[in-house]
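Written out below as structure tokens is the structure these notes cover.
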């Protein structure tokens, strides 16, 4: 067995060494994608185009609007003078948000009454709209509490006043005190890139041998199923490990994402994750006759896995049926492990269910593909 | 009695409703070269693939080295070499890397490996090209290297599925010399081909059509018994008028154009060259030559396929 397995491994590594295309694709695109994801994939909202219409033109209204001008969340792109101008700015996508202050704003405030502030938001991109509204609320709240404090100070100068009771939220974000989106995404990119690479490489490598005819040639030799499959998967397992190290190191050095956890726990998680991705790749290769078919199947398999993994869409917000489906997605578990080891530094006592999930998936997938592989020539 | 290396007993393969191989019986003895002849889709490859254990027979069985292939395909594999028309080598590996790989897969003992590799290299005529990538080799070399890889473990039985397709005639000739030297060492060879001239190199030919074994005999016997008449070579002008004249003539079995001349098959002793010439001249055809010839396997093959129905 060892002689045959060693020969398989030597052969695979030689082929890989000769394959300039593969060498390039193993290193450059993952790093480029890491950069793109790191910079582009963010749900944070900055510089929301904003149009303002100030009909009050008071000290108060100007003070409030200036707070928007100074915030980097908003960028005032237009000072409108009519409602039509406001509508036009939003219709033409110049602005996603409009703030309209009606005449009498300051007067109402000075009377100590709640003053209305009209906000129009372009709901086309609901996510951006919601986040922008959130930031807007923060700014307005801050303004009103400052205003209140000011008027209290003025009133106290005149005589003792009873201070109104207020509830204040004190935010204490753990693990990512600045809510830095990259800290969330960079570890996730490591997982999803590895998934795509390992599944495609494994699937294509076997299908290519089937296409060329060398698989048939090997089938009539005394090589055993498991020897062939091991010979095919061990190199990709090693590549997968190297890929995780490369991308994780690059991502954390470039973007400064901290790694606070135990690297051995991440290693264990990565090994288990690679088992399941190799299993998926093998399974794809048993269903495909040509490389095109394998590509198509990969696409069908990988996209839902990505969507269901919790990479960007919170699993808790999915319909129940889809939430159950995520348990079949190894990336789901790996993202938990990799984010937890990078950012939280939690241990096996908390991560064991995810490790178990990947282990079980890997075992089942590998077993099924080995069994299917045997029949697949007939 | 020579020992039987391969035996097919009622070997059948169905793909759905389609019967690719229909109850074939034959044997191949050690040291014998058996050629499979038949049109494309006749079932030659399917039969060979069943005997290699690549396909499971729907009925019947194949015995290879005395082992039932379907029952224990793994046990058979140590005894066989297989080579298909695709010359399944790794194009991105060098000559010597391919050989070492297959040597390792066949578990050739370390002590005898250098000698086997050297033999395969010299057999393929690849001395001095050991470090060449296979993708840069011409077809004939690839073919001989594939054969070299398939026999590294010295199998007593060799299955060759159209091994010479797409190779130049000189390389084909050389390849057949190799096959003959292997058979002389006692290797049983089952080879499929669609080159009729190659049939003459075989000890016995098996004609397969529509999944059925039509006949199996030595090339000489095959020609003698299956033609069913006498064959004349007729050189004449114009060919079209001659063919028209000869069609529907009593006792005349077949007319086929072969280049500038005709092959005319007549019932035994129905015509001689003079009466055939006279017949044609009556039709205004100018005859320059007419005499009997020994049929080639191709003549017989065309005739028999015509009789048993064309390809599926």
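Rule-based calculations on the coordinates, nothing more; no lab input. In this text the structure is predicted, and so the values were computed from the model without any measurement. As a convention, Cβ positions derive from the backbone with ideal geometry for all residues, glycine included, and neighbour counts pool all protein chains shown.
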Problem set entry | Label-point separation, residue A:316 to residue A:113 (7 Å along Cα→Cβ), nm | 4.1
Exercise. To the nearest 10 degrees, how steeply does helix B:169-184 sit against the main Cα axis of chain B, on a 0 to 90 scale?
Worked result: 60
For this session: Quantify how strongly other chains surround peptide B:98-107 by giving the mean number of their Cβ atoms within 10 Å of each of its Cβ atoms.
Result: 6
Exercise. Sorted by mean Cβ packing within 10 Å, highest first, what order do the peptides B:98-104, A:347-353 take?
Worked result: B:98-104, A:347-353
For this session: Take each of the peptides B:8-19, B:26-37, B:143-154, average the number of other beta-carbon atoms within 10 Å over its residues, and list them starting from the highest.
Result: B:143-154, B:26-37, B:8-19
Seminar exercise, completed: Per 20 angstrom bin, beginning at 0 and ending with the bin that holds the maximum distance, the Cα pairs of chain A fall in percents of 23, 40, 25, 11, 2, 0
Seminar exercise, completed: dims of the stretch B:181-263, Cα set, principal axes, largest to smallest, nearest Å -> 52, 25, 21
Exercise. So what are the radius of gyration and Dmax for the Cα set of the protein assembly as shown, in Å?
Worked result: 39.9, 146
Seminar exercise, completed: Across A:217-228, the residue-averaged tally of Cβ atoms belonging to other chains within 10 Å stands at 6
Exercise. What is the packing order of peptides B:224-235, B:51-62, taking the mean over residues of other C-beta atoms within 10 Å and listing the highest first?
Worked result: B:51-62, B:224-235
For this session: Can you tell me what the convex hull of the Cα atoms of chain B projects to on average, as an area in nm²?
Result: 19.1
Exercise. Could you give the angle, 0 to 90 degrees to the nearest 10, between helix B:273-282's Cα long axis and the longest principal axis of the Cα atoms of chain B?
Worked result: 60
Problem set entry | Inter-site label distance for residue A:137 and residue A:69 at 7 Å from Cα along Cβ, in nm | 2.7
Seminar exercise, completed: Dividing the helical contributions, -39500 (n - 2.57) per DSSP H run of n ≥ 4, by the residues of the protein assembly as shown yields a 222 nm value, nearest 500 deg cm²/dmol, of -17000 deg cm²/dmol
Exercise. Rg to Rh for the stretch A:1-122: what is it, with Cα atoms only and Rh by Kirkwood?
Worked result: 1.50
For this session: Per residue of B:85-91, count partner chain C-beta atoms within 10 Å of its C-beta, then hand back the mean as an integer.
Result: 5
For this session: Quick one: divide the alpha-carbon radius of gyration of the stretch A:247-367 by 2.2 N^0.38 Å and tell me what you get.
Result: 1.13
For this session: May I ask for the angle, rounded to the nearest 10°, between helix A:291-308 and the longest principal axis of chain A, with both axes built from Cα atoms and the value confined to 0 to 90°?
Result: 40
For this session: State, in angstrom, two size descriptors of the stretch B:228-294 derived from its alpha carbons: Rg to one decimal place and Dmax to the nearest whole number.
Result: 10.3, 29
